[in-house]
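Enquirer: Below: one structure in structure tokens.
The values are calculated or read from the model by the stated rules, or taken from the named source; none is laboratory data. Bear in mind that the values here come from a model prediction, so they are computed numbers and not experimental data. All Cβ positions, even for glycine, are placed from backbone atoms using ideal geometry, and neighbour counts span all protein chains on display. Each accessible area value is taken on the protein alone, full model and side chains, heavy atoms only, with ligands, DNA and RNA left out. Shrake-Rupley method; radii C 1.70, N 1.55, O 1.52, S 1.80 Å.
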Amino acid sequence: MTELKLPSIDYAALAPILIMLGAALVGILVEAFVPRHRRHLVQLSLALLAVLAALTMVVLNADDRLLTAGTAIAVDGPTLFLQGGILVLAAMALLLIGERVVERGGAFVAHAAITAESVEDRRQAESANGATEVYPLTTFAIGGMLIFVAANDLLTMFIALEVFSLPLYLLCALARRRRLLSQEAALKYFMLGAYASAFFLFGVALIYGFTAGTPGRSAGVDFATINAAVSDSPSSRVLLFAGMALLAIGLLFKAAAAPFHVWTPDVYQGAPTPVTGFMAACTKVAAFGALLRVFHVAFAGASWDFTPVLGVVAVLTMLVGAVLAVTQTDIKRLLAYSSIANAGYLLVGVLAPSKDGLSGTMFYLVAYGFSVLAAFAVVTLVRDGDGEATHLSRWAGLGRRSPFYASLFTFILLAFAGIPLTSGFTSKFAVFGPALAEGRAWLVVAGVLTSMVLAFPYLRVVVMMWLSEPGDSTPTVAVPGGLTSAALMIGVVATLVLGVAPAPLLDLATGAAEFVR
Amino acid sequence: MSNFPFLSVLTVAPLVGALVVALLPRRRPELAKQVAFVWSLLVLVLSVLMWITFKVGGDRFQFRESYPWIPNWGVHFTFAADGIALVMLMLIAVLVPLVILASWHDAESSKRSVPIYFALLLVLECTMIGVFAAADVFLFYVFFEVMLVPMYFLIGSYGGHQRQYAAVKFFLYSLVGGLFMLAAVIGLWVVGGKTFDWQALSQVDISTGTERWLFLGFFVAFAIKAPFFPFHTWLPDAGGAAPAGAAALLVGVLDKVGTFGILRYCLPLFPDAAKWFAPWALALALIGIIYAALLAVGQNDLKRLVSYTSIAHFGFIGVGIFAFTTQAGTGAVLYMVNHGLATGLLFLVVGMLIARRGSALISDFGGAGKLVPVLAGVLFFAGLASLALPGTAPFISEFLVLIGAFTVNKPVAVIATLGIILAAAYVLWMVQRTTQGTLNPALTEVDGMRRDLNLREKVVVAPLIALIVLLGFYPKPVTDVINPAVQATMDDIGRTDPAPSVGTVQEASK
């Protein structure tokens, strides 16, 4: 009988992940044992403290470059940079989620089981405090994302995908108002997400089959094995290509790239706005972190094969996002399409297989996350008696009613449009530069052309806010509580600082831009 | 004194002023105006000091400063000015205080904040100075794009009829051009070995195909900005809708960024492509001269008319640049300055006229000279300067452009000369229909038309008139500064002047 060999585990390197998952478990216990009126404060503090502790561990681990838990988890530069990014953005999202001043009881429903639009439902929408389950759910999602960007084999990656997706499906359904829309969004996201996961899993199976053909090497789904098999496996390349395509579908779905983007506008619109912000910022980082690792580590040898296909996806994503953004009349849907277009720009960075390309993409992810969270923070503030006023016509003349918040939002929109001195410009440069240096001129040209189209919807919102006269239905901006203000100011300041002095974060990204294999 | 960091201080100073003005309470509009005016005068004083410090015949680029900005990409805050940039900086410094003075009551008619209007003007001054002072391509691009934002709000918030449409059109046109340039900037950065330093980039050898694409990227952006035919359609809308002061800056300075960019970036960085594209550029310039002049003749809106005349004048500047002789080049740069003065004056005077009448339509005027003789006289003078009458400054530049072009390309010079005749038509006809002839009885019922120029308005127009006459008779101080810089640009593209024209340059500049 052979003895079971246990893999050595570097607990310090895994600490950020363990802290988040542990905090989520504690959060469930809090739900059970802490009195209802105290839960909100306890849960929010617990979640924020956990994020802070995990962030501290990431900083302490900053010099780690290792594989642990067998070869399941890679703790290297990109992992640590992206984990840090996810944690910072998640902290901002938690601030938005925890806000209870802007709307009494917070943005979440108190009892999700009450039938939507019923009398009880209306009563709970008026006054009841929102459910506090959102905190453990969010914490689980963050934990899953941390594993997702660190996963060094496809099975671990799949599990991480599920760990962060399932809580997100639930979170989408928990809006306090317009609950039917919210539930529809959650169902849509869940169904399509389940398909995408299935595609991913099928892809894993095919890749496993592909690696099995090499004589003298055991089959496996860890990235080193796949990478070796890509260069010398005698198996049919069809297995490889089919597997790669299925994996890519699963990942591109999460990244909201066309043609796998159709869920994005509905889900972004229906989900409670703080959750939308969380998804737009953190899910994007996680999804692209995984894409980068899969295509730069596992399939690096097949880059000639996947580059044209992913390039077409990138161009399509930019086009669809930009063109459809023009026709939107709802601010959340507009931001959703803008997020799709940004996924396209990020793909341009993914397709620049150099150190600069990698660091540029990581820089873009973090910079975009800050801006998009700030944008959704403003969306939570513009409201009337029925909750958020998301229809664009309602934003007319907002600049006159609330010049301060309108100025902040204008600044963020200019950042999205890529005007210099904002992070939107530096991050575009950070991905387009390396892409051009790697000879991907067509992608850069597509990126520039779609940026022109995309400028129009942003500008339309600016015109709405500043140049239109306020109508009777123009809502005022609610006075934000400390939490939303903090998140908003962090986002805006980061957008400015990363636009004016991007060097420190770029240095950090450049230093981190090396995968362990 | 020559070690004083003139350019960075000049760039930052208006921005600081803008912050101060913006933070003044909204209830004290007079204070905001005064602070803005004094601040712009300080900038003017500083610019004059810089002009005095500039060594004519010294290095091509002077006042060079460089501070690291984003080391990862080789981006620096590098400022340096050659003669061309120097005269443009001086033009900005002269125009802004006059525009502030001329716009004293412009912002009050709208319901918007008065201090913000003047703060935006100062922000605009900061970005305009930055764009001419930058010697780092990235920095130039940053100013080039950021410049749009204050102008957008000036037009959109404080403009007249159709201001929203005009502001959006202006912003989108410029942004489209800017994004083409961004692609070219990135391309230049890649082929240039990841540096943005102008002097390093001008030494780089680029393959022919790449060079042409990069040239096009820059050229489209500048042609939209200038604007050249067929990218000009935003200017009449923007110029027509903008408040008169902002319009004077828009046409007088902002658009010069386009022609300046061609001289500073397109020609020296991509000399072979510039020569290859020159016939096309000349053709566009010629079409612009004739086409815009014809459209100007047919305009019934004063501000749109002046905008169209500018497009025609930019055609002349384009001919001067792409003729590739020192004479024509000097003429083009001189034209940039003179056009800023003459058209700036014309816009401001037209603005005064419109403010009195409450209408920009020529058909609403008629015989206005009988009511406001001084204003009508100034309008007549501005018109004459704009059609390049001998004795006014624009004549010298137009003449230089034409003889410079004539020595190398006779058909171009001959066709361009037609533009002069058309210029006489649109200016004189406009003057006749507004200020001369029988008095339009409706005018006497408008209170404003009974007030001739007041002291403030006289102070606005007097320096411009003086400069136009002075430079019309004695352009030497300006040409002495411009000439070496243009010479160096011609050396960059490897063109030497045909033998006889060398003598004429010196004669013309004496």
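Enquirer: Here are B:L400, B:L387: which of them is without any contact (Cβ under 8 Å) to a residue 60 or more places away in the chain, open to solvent by less than 50 Å² (accessible area, probe 1.4 Å) and under 21 Å from the mean Cα position of the chain (by Cα)? So that I can check it myself, show each step before the final result.
Expert: Values: B:L400 fails: without any contact (Cβ under 8 Å) to a residue 60 or more places away in the chain.
Exactly one residue qualifies, and that residue is B:L387.
Enquirer: What number of residues within segment B:335-380 satisfy the criterion of being among the aliphatic types (A, V, I, L, M) and farther than 28 Å from B:D255 by Cα?
Expert: Count: 4.
Enquirer: Here is a further query. Could you list, in sequence order, all residues of segment A:155-165 that are out of contact with any Phe, Trp or Tyr (no Cβ under 8 Å at 6 or more places or on another chain) and either touching a residue at least 60 places away in the same chain (Cβ under 8 Å) or under 17 Å from A:N227 (Cα atoms) (or both)?
Expert: Listed by number, the residues that qualify are A:L155, A:T156, A:S165.
Enquirer: Moving on. Determine whether B:G187 is in contact with a Gly (Cβ under 9 Å, 6 or more places away or on another chain) and more than 7 Å from chain A (Cβ to nearest Cβ).
Expert: No; evaluated as a whole, the condition is false for this residue.
Enquirer: Still on this model: Take the conditions open to solvent by less than 20 Å² (accessible area, probe 1.4 Å) and either modelled with pLDDT of 90 or more or assigned to a helix (DSSP H, G or I) (or both) and apply them to B:T330. Does it pass?
Expert: The answer is yes for B:T330.
Enquirer: Okay, next question. Go through (1) closer than 18 Å to B:Y265 by Cα; (2) open to solvent by less than 10 Å² (accessible area, probe 1.4 Å) for B:A167 and report which single condition fails.
Expert: The one condition B:A167 does not meet is (1).
Enquirer: So which of A:L44, A:L49 ends up being modelled with pLDDT of 95 or more, open to solvent by 10 Å² or more (accessible area, probe 1.4 Å) and assigned to a helix (DSSP H, G or I)?
Expert: The conditions single out A:L49.
Enquirer: Let me ask something else about it. Run down A:L80, A:L60, A:L55 and say which single residue is more than 28 Å from A:R36 (Cα to Cα), aliphatic (A, V, I, L, M) and over 21 Å from the mean Cα position of the chain (by Cα). Reasoning before the result, please.
Expert: Details: A:L80 fails: over 21 Å from the mean Cα position of the chain (by Cα); A:L55 fails: over 21 Å from the mean Cα position of the chain (by Cα).
None of the other options fit; the residue is A:L60.
Enquirer: Also, quick follow-up: If you take the residues of segment A:434-445 that are free of Cβ contacts under 8 Å to residues at least 40 places away in the same chain and within 8 Å of chain B (Cβ to nearest Cβ), which of them is most open to solvent (accessible area, probe 1.4 Å)? Walk me through it before giving the result.
Expert: Step one: filter segment A:434-445 for residues free of Cβ contacts under 8 Å to residues at least 40 places away in the same chain, giving A:436, A:439, A:441, A:445.
This time we only want the ones that are within 8 Å of chain B (Cβ to nearest Cβ), so: A:436, A:441, A:445.
Details: A:L436: 34, A:A441: 47, A:V445: 77 Å².
Result: A:V445.
Enquirer: Answer yes if at least one residue in segment B:54-61 is acidic (D, E), farther than 30 Å from B:V350 by Cα, open to solvent by 20 Å² or more (accessible area, probe 1.4 Å) and more than 14 Å from every other protein chain (Cβ to nearest Cβ), and no otherwise.
Expert: Checked segment B:54-61: at least one residue is acidic (D, E), farther than 30 Å from B:V350 by Cα, open to solvent by 20 Å² or more (accessible area, probe 1.4 Å) and more than 14 Å from every other protein chain (Cβ to nearest Cβ).
Enquirer: Can I ask one more? Consider segment A:499-511. How many of its residues are open to solvent by less than 10 Å² (accessible area, probe 1.4 Å) and in a helix (DSSP H, G or I)? Working first, answer last.
Expert: Taking segment A:499-511 and keeping what is open to solvent by less than 10 Å² (accessible area, probe 1.4 Å), we get A:499, A:502, A:506, A:509.
Then keep just the ones that are in a helix (DSSP H, G or I); that gives A:499, A:506, A:509.
Count: 3.
Enquirer: Here are some conditions: (1) surrounded by fewer than 24 Cβ atoms within 10 Å (Cβ to Cβ); (2) of a type outside the set (G, A, S); (3) within 10 Å of chain A (Cβ to nearest Cβ); (4) within 28 Å of B:F218 (Cα to Cα). B:K111 meets all but one. Which one does it not meet?
Expert: Single failed check for B:K111: (4).
Enquirer: Among what's in segment A:464-474 and is open to solvent by 20 Å² or more (accessible area, probe 1.4 Å) and over 16 Å from A:L381 (Cα atoms), pick the residue that is modelled with the highest pLDDT.
Expert: Across segment A:464-474, the extreme among qualifying residues is A:M464.
Enquirer: Can I ask one more? Restricting to segment B:148-166, what's the tally of residues that are facing chain A (nearest Cβ under 10 Å) and either of a type in the set (V, I, T) or more than 19 Å from A:S407 (Cβ to Cβ) (or both)?
Expert: Let us first name the residues in segment B:148-166 that are facing chain A (nearest Cβ under 10 Å), namely B:148-149, B:152-153, B:155-157, B:159, B:163-165.
Then drop every residue that is not either of a type in the set (V, I, T) or more than 19 Å from A:S407 (Cβ to Cβ) (or both), which leaves B:149, B:155, B:159, B:163, B:165.
So the count comes out to 5.
Enquirer: Taking B:V253 and the conditions (1) within 24 Å of B:L148 (Cα to Cα); (2) open to solvent by 10 Å² or more (accessible area, probe 1.4 Å), which numbered condition does it fall short on, given that it satisfies the others?
Expert: Going through the list (1) within 24 Å of B:L148 (Cα to Cα); (2) open to solvent by 10 Å² or more (accessible area, probe 1.4 Å), B:V253 breaks only (2).
Enquirer: Can you name the residue in segment A:410-427 that is assigned to a helix (DSSP H, G or I) and among the aliphatic types (A, V, I, L, M) and, of all such residues, is farthest from the other protein chains (Cβ to nearest Cβ)? Lay out the reasoning, then the answer.
Expert: Taking segment A:410-427 as the starting set, the residues that turn out to be assigned to a helix (DSSP H, G or I) are A:410-416, A:423-427.
With the extra rule that they be among the aliphatic types (A, V, I, L, M), the set shrinks to A:412-415.
Numbers: A:I412: 14, A:L413: 11, A:L414: 7, A:A415: 12 Å.
The qualifying residue farthest from the other protein chains (Cβ to nearest Cβ) is A:I412.
Enquirer: Hey, B:E30 hits all of (1) closer than 26 Å to B:G193 by Cβ; (2) free of Cβ contacts under 8 Å to residues at least 24 places away in the same chain but one; which does it fall short on?
Expert: Going through (1) closer than 26 Å to B:G193 by Cβ; (2) free of Cβ contacts under 8 Å to residues at least 24 places away in the same chain one by one, B:E30 breaks only (1).
Enquirer: Those residues that are modelled with pLDDT of 90 or more and hydroxyl-bearing (S, T, Y), I need them from segment A:52-70; list them, please.
Expert: A:T56
Enquirer: Determine which member of the set B:G240, B:G192, B:G245, B:G209 is over 30 Å from B:Q299 (Cα atoms), surrounded by 18 or more Cβ atoms within 10 Å (Cβ to Cβ) and small (G, A, S).
Expert: On the way: B:G240 fails: over 30 Å from B:Q299 (Cα atoms); B:G245 fails: over 30 Å from B:Q299 (Cα atoms); B:G209 fails: surrounded by 18 or more Cβ atoms within 10 Å (Cβ to Cβ).
Being over 30 Å from B:Q299 (Cα atoms), surrounded by 18 or more Cβ atoms within 10 Å (Cβ to Cβ) and small (G, A, S) holds for just one of B:G240, B:G192, B:G245, B:G209, which is B:G192.
Enquirer: Still on this structure, please answer the following. Report whether or not B:F6 is more than 14 Å from chain A (Cβ to nearest Cβ), over 22 Å from the mean Cα position of the chain (by Cα) and within 27 Å of B:Y335 (Cβ to Cβ).
Expert: Spelling it out, it is not the case that B:F6 is more than 14 Å from chain A (Cβ to nearest Cβ), over 22 Å from the mean Cα position of the chain (by Cα) and within 27 Å of B:Y335 (Cβ to Cβ).
Enquirer: Of all residues in segment A:118-149, which are of a type in the set (S, T, N, Q) and either in a helix (DSSP H, G or I) or under 27 Å from A:P16 (Cβ atoms) (or both)?
Expert: A:Q124, A:T132, A:T138, A:T139
For (1) within 11 Å of chain A (Cβ to nearest Cβ); (2) touching a strand residue (DSSP E or B) at 6+ places or on another chain (Cβ under 7 Å); (3) at pLDDT 90 or above; (4) in a strand (DSSP E or B), each residue gets a yes or a no:
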position: B:L139; (1), (2), (3), (4): yes, yes, yes, no
position: B:V168; (1), (2), (3), (4): yes, no, no, no
position: B:F171; (1), (2), (3), (4): yes, no, no, no
position: B:L175; (1), (2), (3), (4): yes, no, no, no
position: B:A200; (1), (2), (3), (4): no, no, no, no
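Per-residue answers, yes or no, for (1) small (G, A, S); (2) modelled with pLDDT of 90 or more:
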residue: A:E388; (1), (2): no, no
residue: A:A415; (1), (2): yes, yes
residue: A:F425; (1), (2): no, yes
residue: A:V444; (1), (2): no, yes
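Enquirer: Within segment B:212-224, how many residues turn out to be more than 14 Å from chain A (Cβ to nearest Cβ) and either without any contact (Cβ under 8 Å) to a residue 60 or more places away in the chain or open to solvent by 10 Å² or more (accessible area, probe 1.4 Å) (or both)?
Expert: Of all residues in segment B:212-224, those more than 14 Å from chain A (Cβ to nearest Cβ) come to B:215, B:219, B:222-223.
Narrowing the set further to residues that are either without any contact (Cβ under 8 Å) to a residue 60 or more places away in the chain or open to solvent by 10 Å² or more (accessible area, probe 1.4 Å) (or both) leaves B:219, B:222.
Qualifying residue count, segment B:212-224: 2.
Enquirer: Output the number of residues of segment A:346-376 satisfying the condition of being outside any loop (DSSP other than H, G, I, E, B) and either over 18 Å from A:G439 (Cβ atoms) or touching an Asp or Glu at 6+ places or on another chain (Cβ under 6 Å) (or both).
Expert: 17
Enquirer: Kindly provide the set of residues from segment A:198-240 that are open to solvent by 20 Å² or more (accessible area, probe 1.4 Å) and of a type in the set (F, W, Y), ordered by number.
Expert: Those that are open to solvent by 20 Å² or more (accessible area, probe 1.4 Å) and of a type in the set (F, W, Y): A:F199, A:F202, A:Y208.
Enquirer: In the set A:L496, A:L483, which member is in a helix (DSSP H, G or I), more than 8 Å from every other protein chain (Cβ to nearest Cβ), in contact with an Asp or Glu (Cβ under 9 Å, 6 or more places away or on another chain) and open to solvent by 50 Å² or more (accessible area, probe 1.4 Å)?
Expert: The match here is A:L483.
Enquirer: Hey, another quick one. Of the residues A:V477, A:V431, A:V448, A:V461, which single one is touching a strand residue (DSSP E or B) at 6+ places or on another chain (Cβ under 8 Å) and either surrounded by 23 or more Cβ atoms within 10 Å (Cβ to Cβ) or away from chain B (no Cβ under 11 Å) (or both)?
Expert: Details: A:V431 fails: touching a strand residue (DSSP E or B) at 6+ places or on another chain (Cβ under 8 Å); A:V448 fails: touching a strand residue (DSSP E or B) at 6+ places or on another chain (Cβ under 8 Å); A:V461 fails: touching a strand residue (DSSP E or B) at 6+ places or on another chain (Cβ under 8 Å).
Checking each option against the conditions leaves just A:V477.
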